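Here the structure is laid out as C-alpha coordinates; the discussion comes afterwards.
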(Lines give C-alpha, C1' and ligand atoms only; values in the text may rest on other atoms or scores of the structure.)
Protein backbone atom coordinates (compact mmCIF):
# COMPACT_ATOMS: atom_id res chain seq x y z
CA UNK A 1 0.00 0.00 0.00
CA UNK A 2 1.22 3.45 -0.98
CA UNK A 3 2.24 5.33 2.22
CA UNK A 4 0.54 8.55 1.12
CA UNK A 5 -2.69 6.67 0.50
CA UNK A 6 -2.47 5.15 3.98
CA UNK A 7 -1.80 8.50 5.67
CA UNK A 8 -4.71 10.05 3.80
CA UNK A 9 -6.85 7.10 4.96
CA UNK A 10 -5.80 7.62 8.58
CA UNK A 11 -6.73 11.31 8.33
CA UNK A 12 -10.11 10.78 6.71
CA UNK A 13 -11.25 7.92 8.95
CA UNK A 14 -9.89 9.67 12.06
CA UNK A 15 -11.64 12.89 11.03
CA UNK A 16 -14.98 11.13 10.56
CA UNK A 17 -14.57 9.48 13.96
CA UNK A 18 -13.64 12.78 15.64
CA UNK A 19 -16.55 14.54 13.88
CA UNK A 20 -18.94 11.91 15.21
CA UNK A 21 -17.52 12.26 18.75
CA UNK A 22 -17.92 16.05 18.67
CA UNK A 23 -21.24 16.38 16.86
CA UNK A 24 -23.22 13.14 17.19
CA UNK A 25 -22.10 12.13 20.72
CA UNK A 26 -23.38 15.23 22.54
CA UNK A 27 -26.71 15.03 20.63
CA UNK A 28 -27.20 11.43 21.76
CA UNK A 29 -26.38 12.47 25.30
CA UNK A 30 -28.85 15.37 25.14
CA UNK A 31 -31.73 13.04 24.30
CA UNK A 32 -30.81 10.74 27.18
CA UNK A 33 -29.24 7.89 25.20
CA UNK A 34 -26.12 6.08 26.45
CA UNK A 35 -23.82 8.05 24.17
CA UNK A 36 -20.56 6.46 25.34
CA UNK A 37 -21.63 2.90 24.51
CA UNK A 38 -23.25 3.97 21.24
CA UNK A 39 -20.26 6.03 20.13
CA UNK A 40 -17.79 3.24 20.89
CA UNK A 41 -19.97 0.37 19.68
CA UNK A 42 -21.11 1.97 16.43
CA UNK A 43 -18.73 4.74 15.35
CA UNK A 44 -15.37 3.83 16.89
CA UNK A 45 -15.55 0.08 16.29
CA UNK A 46 -17.38 0.49 12.96
CA UNK A 47 -14.82 2.91 11.54
CA UNK A 48 -11.80 1.01 12.88
CA UNK A 49 -13.09 -2.33 11.56
CA UNK A 50 -13.89 -0.75 8.18
CA UNK A 51 -10.43 0.80 7.89
CA UNK A 52 -8.82 -2.50 8.93
CA UNK A 53 -10.75 -4.27 6.19
CA UNK A 54 -10.00 -1.71 3.45
CA UNK A 55 -6.37 -0.83 4.20
CA UNK A 56 -5.09 -4.06 5.82
CA UNK A 57 -2.42 -2.20 7.79
CA UNK A 58 -1.37 -2.44 11.44
CA UNK A 59 -1.00 0.88 13.25
CA UNK A 60 -3.67 2.62 11.20
CA UNK A 61 -6.31 2.50 13.94
CA UNK A 62 -3.92 4.03 16.47
CA UNK A 63 -3.30 6.85 13.99
CA UNK A 64 -7.05 7.26 13.53
CA UNK A 65 -7.46 7.50 17.31
CA UNK A 66 -4.82 10.24 17.45
CA UNK A 67 -6.52 12.21 14.66
CA UNK A 68 -9.98 11.79 16.22
CA UNK A 69 -8.62 12.68 19.67
CA UNK A 70 -7.00 15.82 18.27
CA UNK A 71 -10.25 16.87 16.60
CA UNK A 72 -12.06 16.25 19.89
CA UNK A 73 -9.86 18.93 21.47
CA UNK A 74 -11.69 21.49 19.34
CA UNK A 75 -15.04 20.60 20.84
CA UNK A 76 -15.53 22.93 23.81
CA UNK A 77 -18.28 20.80 25.42
CA UNK A 78 -18.32 17.59 27.37
CA UNK A 79 -15.96 18.52 30.21
CA UNK A 80 -12.29 17.71 30.11
CA UNK A 81 -11.61 17.76 26.38
CA UNK A 82 -7.95 16.84 26.82
CA UNK A 83 -8.98 13.70 28.70
CA UNK A 84 -11.68 12.84 26.15
CA UNK A 85 -9.14 13.25 23.37
CA UNK A 86 -6.70 10.95 25.14
CA UNK A 87 -9.47 8.43 25.85
CA UNK A 88 -10.31 8.30 22.13
CA UNK A 89 -6.63 7.76 21.29
CA UNK A 90 -6.58 5.01 23.96
CA UNK A 91 -9.49 3.30 22.17
CA UNK A 92 -7.42 3.30 18.97
CA UNK A 93 -4.46 1.78 20.81
CA UNK A 94 -6.64 -0.90 22.46
CA UNK A 95 -8.19 -1.85 19.11
CA UNK A 96 -4.68 -2.23 17.67
CA UNK A 97 -3.65 -4.49 20.54
CA UNK A 98 -6.78 -6.65 20.28
CA UNK A 99 -6.46 -7.09 16.51
CA UNK A 100 -2.65 -7.33 16.46
CA UNK A 101 -2.51 -11.13 16.13
CA UNK A 102 -5.35 -11.29 13.61
CA UNK A 103 -4.41 -11.79 9.97
CA UNK A 104 -4.49 -8.59 7.93
CA UNK A 105 -6.66 -10.14 5.22
CA UNK A 106 -9.17 -11.03 7.97
CA UNK A 107 -9.05 -14.77 7.17
CA UNK A 108 -9.29 -15.35 10.94
CA UNK A 109 -12.69 -13.69 11.11
CA UNK A 110 -14.47 -15.56 8.36
CA UNK A 111 -17.04 -17.33 10.52
CA UNK A 112 -19.99 -15.51 12.06
CA UNK A 113 -18.93 -16.71 15.52
CA UNK A 114 -15.54 -15.04 15.12
CA UNK A 115 -17.06 -11.82 13.74
CA UNK A 116 -19.48 -11.55 16.66
CA UNK A 117 -16.81 -12.51 19.20
CA UNK A 118 -14.32 -9.94 17.90
CA UNK A 119 -17.07 -7.33 17.92
CA UNK A 120 -17.90 -8.05 21.56
CA UNK A 121 -14.28 -8.13 22.71
CA UNK A 122 -13.19 -5.04 20.76
CA UNK A 123 -16.15 -2.89 21.72
CA UNK A 124 -16.21 -3.91 25.39
CA UNK A 125 -12.47 -3.48 25.96
CA UNK A 126 -12.28 -0.20 24.03
CA UNK A 127 -15.23 1.21 26.00
CA UNK A 128 -14.01 0.05 29.42
CA UNK A 129 -10.40 1.01 28.65
CA UNK A 130 -11.38 4.44 27.36
CA UNK A 131 -13.64 5.05 30.36
CA UNK A 132 -10.93 4.08 32.86
CA UNK A 133 -8.38 6.24 31.02
CA UNK A 134 -10.69 9.24 31.34
CA UNK A 135 -11.34 8.54 35.03
CA UNK A 136 -7.61 8.50 35.72
CA UNK A 137 -6.57 11.43 33.53
CA UNK A 138 -9.37 13.87 34.37
CA UNK A 139 -8.54 14.14 38.09
CA UNK A 140 -4.81 14.13 37.33
CA UNK A 141 -5.04 17.25 35.17
CA UNK A 142 -7.51 19.03 37.47
CA UNK A 143 -6.89 20.73 40.81
CA UNK A 144 -8.30 17.93 42.96
CA UNK A 145 -5.91 15.05 42.19
CA UNK A 146 -6.49 11.35 41.49
CA UNK A 147 -7.81 9.00 44.17
CA UNK A 148 -7.53 5.31 43.32
CA UNK A 149 -10.33 4.31 45.70
CA UNK A 150 -12.81 6.46 43.74
CA UNK A 151 -11.95 4.55 40.58
CA UNK A 152 -12.02 1.12 42.25
CA UNK A 153 -15.43 1.86 43.77
CA UNK A 154 -16.81 2.66 40.33
CA UNK A 155 -15.25 -0.27 38.45
CA UNK A 156 -18.43 -2.44 38.70
CA UNK A 157 -20.42 0.38 37.04
CA UNK A 158 -17.85 0.74 34.26
CA UNK A 159 -17.80 -3.03 33.66
CA UNK A 160 -21.60 -3.06 33.68
CA UNK A 161 -21.97 -0.15 31.23
CA UNK A 162 -19.51 -1.83 28.87
CA UNK A 163 -22.03 -4.65 28.36
CA UNK A 164 -24.19 -2.49 26.08
CA UNK A 165 -21.11 -1.44 24.09
CA UNK A 166 -20.12 -5.12 23.75
CA UNK A 167 -23.58 -6.10 22.49
CA UNK A 168 -23.58 -3.23 19.97
CA UNK A 169 -20.10 -4.27 18.84
CA UNK A 170 -21.43 -7.81 18.28
CA UNK A 171 -23.72 -6.32 15.63
CA UNK A 172 -21.34 -3.69 14.24
CA UNK A 173 -18.34 -5.85 13.29
CA UNK A 174 -20.36 -8.52 11.37
CA UNK A 175 -22.26 -5.70 9.62
CA UNK A 176 -19.04 -3.95 8.60
CA UNK A 177 -17.54 -7.20 7.33
CA UNK A 178 -20.58 -7.66 5.08
CA UNK A 179 -19.44 -4.64 3.07
CA UNK A 180 -17.86 -5.39 -0.24
CA UNK A 181 -14.11 -5.43 0.24
CA UNK A 182 -12.83 -2.58 -1.93
CA UNK A 183 -9.29 -2.91 -3.21
CA UNK A 184 -7.98 0.62 -2.66
CA UNK A 185 -5.01 0.03 -4.94
CA UNK A 186 -7.44 -0.01 -7.87
CA UNK A 187 -9.00 3.36 -6.92
CA UNK A 188 -7.52 6.11 -9.09
CA UNK A 189 -5.47 8.76 -7.27
CA UNK A 190 -7.33 11.64 -8.90
CA UNK A 191 -10.55 10.30 -7.38
CA UNK A 192 -9.12 9.07 -4.06
CA UNK A 193 -7.18 12.11 -2.84
CA UNK A 194 -9.75 14.83 -3.64
CA UNK A 195 -12.52 12.75 -2.00
CA UNK A 196 -10.44 12.08 1.09
CA UNK A 197 -9.39 15.74 1.32
CA UNK A 198 -12.95 17.01 0.90
CA UNK A 199 -14.39 14.70 3.57
CA UNK A 200 -11.56 15.46 6.03
CA UNK A 201 -11.81 19.21 5.45
CA UNK A 202 -15.57 19.15 5.94
CA UNK A 203 -15.19 17.37 9.31
CA UNK A 204 -12.50 19.75 10.57
CA UNK A 205 -14.13 22.94 9.30
CA UNK A 206 -17.51 21.96 10.74
CA UNK A 207 -16.11 21.17 14.21
CA UNK A 208 -13.74 24.15 14.38
CA UNK A 209 -16.43 26.55 13.07
CA UNK A 210 -18.89 25.15 15.60
CA UNK A 211 -16.31 25.80 18.33
CA UNK A 212 -15.58 29.35 17.14
CA UNK A 213 -19.28 30.22 16.91
CA UNK A 214 -20.12 28.88 20.35
CA UNK A 215 -17.23 30.27 22.43
CA UNK B 1 -0.96 -28.38 22.49
CA UNK B 2 -1.97 -25.09 20.87
CA UNK B 3 -5.43 -23.64 21.15
CA UNK B 4 -6.67 -22.13 17.90
CA UNK B 5 -7.95 -18.56 17.66
CA UNK B 6 -11.28 -20.01 16.53
CA UNK B 7 -11.73 -21.54 19.97
CA UNK B 8 -10.09 -19.05 22.31
CA UNK B 9 -11.70 -15.86 20.94
CA UNK B 10 -15.33 -17.01 21.37
CA UNK B 11 -14.39 -18.12 24.91
CA UNK B 12 -12.95 -14.68 25.69
CA UNK B 13 -16.10 -13.07 24.26
CA UNK B 14 -18.26 -15.24 26.53
CA UNK B 15 -16.09 -14.26 29.53
CA UNK B 16 -16.47 -10.58 28.59
CA UNK B 17 -20.26 -10.94 28.41
CA UNK B 18 -20.30 -12.74 31.76
CA UNK B 19 -18.20 -10.01 33.40
CA UNK B 20 -20.58 -7.37 32.04
CA UNK B 21 -23.66 -9.33 33.10
CA UNK B 22 -22.49 -10.09 36.64
CA UNK B 23 -21.37 -6.48 37.07
CA UNK B 24 -24.84 -5.33 35.98
CA UNK B 25 -26.48 -7.66 38.51
CA UNK B 26 -24.15 -6.41 41.25
CA UNK B 27 -24.76 -2.75 40.34
CA UNK B 28 -28.54 -3.31 40.28
CA UNK B 29 -28.44 -5.00 43.70
CA UNK B 30 -26.32 -2.22 45.24
CA UNK B 31 -28.41 0.59 43.74
CA UNK B 32 -31.71 -0.78 45.04
CA UNK B 33 -30.33 -0.41 48.59
CA UNK B 34 -30.33 3.36 48.12
CA UNK B 35 -33.49 3.94 46.14
CA UNK B 36 -35.82 4.55 49.08
CA UNK B 37 -33.46 6.89 50.92
CA UNK B 38 -33.93 10.54 50.05
CA UNK B 39 -31.58 11.88 52.74
CA UNK B 40 -27.97 12.91 52.28
CA UNK B 41 -25.28 11.69 54.66
CA UNK B 42 -22.69 14.35 55.45
CA UNK B 43 -19.81 13.46 57.74
CA UNK B 44 -21.80 10.44 59.04
CA UNK B 45 -24.90 12.52 59.84
CA UNK B 46 -28.15 12.28 57.88
CA UNK B 47 -29.75 15.46 56.56
CA UNK B 48 -32.99 15.79 54.67
CA UNK B 49 -32.93 17.67 51.39
CA UNK B 50 -35.56 20.06 52.78
CA UNK B 51 -33.23 20.94 55.65
CA UNK B 52 -30.27 21.54 53.34
CA UNK B 53 -32.26 23.69 50.93
CA UNK B 54 -33.93 25.77 53.62
CA UNK B 55 -30.85 26.46 55.74
CA UNK B 56 -28.14 27.26 53.23
CA UNK B 57 -27.65 30.04 50.65
CA UNK B 58 -28.23 29.44 46.97
CA UNK B 59 -25.60 29.61 44.24
CA UNK B 60 -26.00 29.96 40.49
CA UNK B 61 -23.57 29.21 37.69
CA UNK B 62 -24.89 31.38 34.85
CA UNK B 63 -22.49 29.97 32.28
CA UNK B 64 -23.72 26.45 33.03
CA UNK B 65 -27.35 27.49 33.50
CA UNK B 66 -27.57 25.66 36.82
CA UNK B 67 -28.45 26.67 40.36
CA UNK B 68 -28.70 25.05 43.78
CA UNK B 69 -27.29 25.11 47.29
CA UNK B 70 -23.66 26.17 47.80
CA UNK B 71 -21.59 23.15 48.87
CA UNK B 72 -19.26 25.18 51.11
CA UNK B 73 -22.31 26.67 52.86
CA UNK B 74 -23.65 23.16 53.53
CA UNK B 75 -20.35 22.20 55.17
CA UNK B 76 -20.26 25.44 57.16
CA UNK B 77 -23.82 24.88 58.36
CA UNK B 78 -22.94 21.55 59.98
CA UNK B 79 -20.08 23.02 61.98
CA UNK B 80 -17.02 21.21 60.71
CA UNK B 81 -13.83 22.57 62.24
CA UNK B 82 -11.34 24.00 59.78
CA UNK B 83 -13.18 23.13 56.51
CA UNK B 84 -10.11 24.00 54.45
CA UNK B 85 -8.09 21.34 56.33
CA UNK B 86 -10.24 18.51 54.92
CA UNK B 87 -10.91 16.73 51.64
CA UNK B 88 -14.46 15.87 50.58
CA UNK B 89 -15.55 12.68 48.89
CA UNK B 90 -18.78 13.18 46.96
CA UNK B 91 -20.60 9.85 46.48
CA UNK B 92 -23.50 9.23 44.09
CA UNK B 93 -26.23 6.57 44.24
CA UNK B 94 -24.55 4.55 41.50
CA UNK B 95 -21.28 4.39 43.45
CA UNK B 96 -19.62 7.11 41.39
CA UNK B 97 -17.43 9.22 43.64
CA UNK B 98 -15.01 12.10 43.32
CA UNK B 99 -12.73 13.58 45.96
CA UNK B 100 -12.36 17.35 45.95
CA UNK B 101 -10.68 20.07 47.96
CA UNK B 102 -12.26 22.89 50.00
CA UNK B 103 -11.42 25.27 47.16
CA UNK B 104 -13.46 23.10 44.82
CA UNK B 105 -16.33 23.00 47.35
CA UNK B 106 -16.38 26.80 47.25
CA UNK B 107 -17.08 26.50 43.53
CA UNK B 108 -19.66 23.72 43.83
CA UNK B 109 -23.38 23.41 44.29
CA UNK B 110 -26.06 20.80 44.91
CA UNK B 111 -29.01 21.11 42.52
CA UNK B 112 -32.63 20.35 43.37
CA UNK B 113 -32.23 17.11 41.41
CA UNK B 114 -29.47 16.02 43.87
CA UNK B 115 -26.72 16.58 41.30
CA UNK B 116 -23.39 18.03 42.45
CA UNK B 117 -21.80 20.41 39.95
CA UNK B 118 -18.47 22.26 40.10
CA UNK B 119 -17.68 25.37 38.08
CA UNK B 120 -13.91 24.93 38.40
CA UNK B 121 -13.67 21.24 37.59
CA UNK B 122 -14.27 19.11 34.47
CA UNK B 123 -17.70 17.60 33.90
CA UNK B 124 -16.36 14.21 35.00
CA UNK B 125 -16.50 15.57 38.57
CA UNK B 126 -20.26 16.08 38.44
CA UNK B 127 -21.96 13.49 40.64
CA UNK B 128 -25.60 12.54 40.06
CA UNK B 129 -28.01 11.45 42.82
CA UNK B 130 -25.85 12.49 45.76
CA UNK B 131 -26.10 10.10 48.72
CA UNK B 132 -23.10 11.03 50.84
CA UNK B 133 -20.35 13.59 51.41
CA UNK B 134 -17.48 12.04 53.35
CA UNK B 135 -15.23 14.48 55.20
CA UNK B 136 -11.70 13.30 55.87
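Observations
- Residues of the range B:78-94 satisfying the condition of being in contact with a helix residue (DSSP H, G or I) (Cβ under 6 Å, 6 or more places away or on another chain) and in a helix (DSSP H, G or I): B:83, B:84
- Close contacts from the range A:75-90, counting a first residue that is within 11 Å of chain B (Cβ to nearest Cβ) and surrounded by fewer than 21 Cβ atoms within 10 Å (Cβ to Cβ) and a second that is at pLDDT below 70 and in a loop (DSSP other than H, G, I, E, B), with Cβ to Cβ under 8 Å and a gap of 6+ residues or different chains, come to A:81/A:75.
- Only one of the listed residues (A:186, A:143) is surrounded by fewer than 11 Cβ atoms within 10 Å (Cβ to Cβ) and farther than 21 Å from residue A:20 by Cβ. That residue is A:186.
- Any hit, the range A:96-104, residues being facing chain B (nearest Cβ under 8 Å) and assigned to a helix (DSSP H, G or I): no
- Flag for residue A:169 being in contact with a strand residue (DSSP E or B) (Cβ under 7 Å, 6 or more places away or on another chain), within 10 Å of chain B (Cβ to nearest Cβ) and part of a helix (DSSP H, G or I): no
- Residues in the range B:95-126 that are facing chain A (nearest Cβ under 10 Å) and assigned to a strand (DSSP E or B) were compared, and the one that is nearest to residue B:57 (Cα to Cα) is B:118.
- Top-ranked residue in the range B:41-77 [being outside any helix (DSSP H, G or I) and out of contact with any strand residue (DSSP E or B) (no Cβ under 9 Å at 6 or more places or on another chain); ranked as modelled with the lowest pLDDT]: B:65
- Residue A:152 being assigned to a helix (DSSP H, G or I), over 19 Å from the mean Cα position of the chain (by Cα), more than 9 Å from chain B (Cβ to nearest Cβ) and free of Cβ contacts under 8 Å to residues at least 40 places away in the same chain: yes
The values are calculated or read from the model by the stated rules, or taken from the named source; none is laboratory data. What you see is a predicted model; the values in this text were computed from it and never measured. Note: ideal-geometry Cβ built from the backbone for every residue, glycine included; neighbour counts use all protein chains shown.
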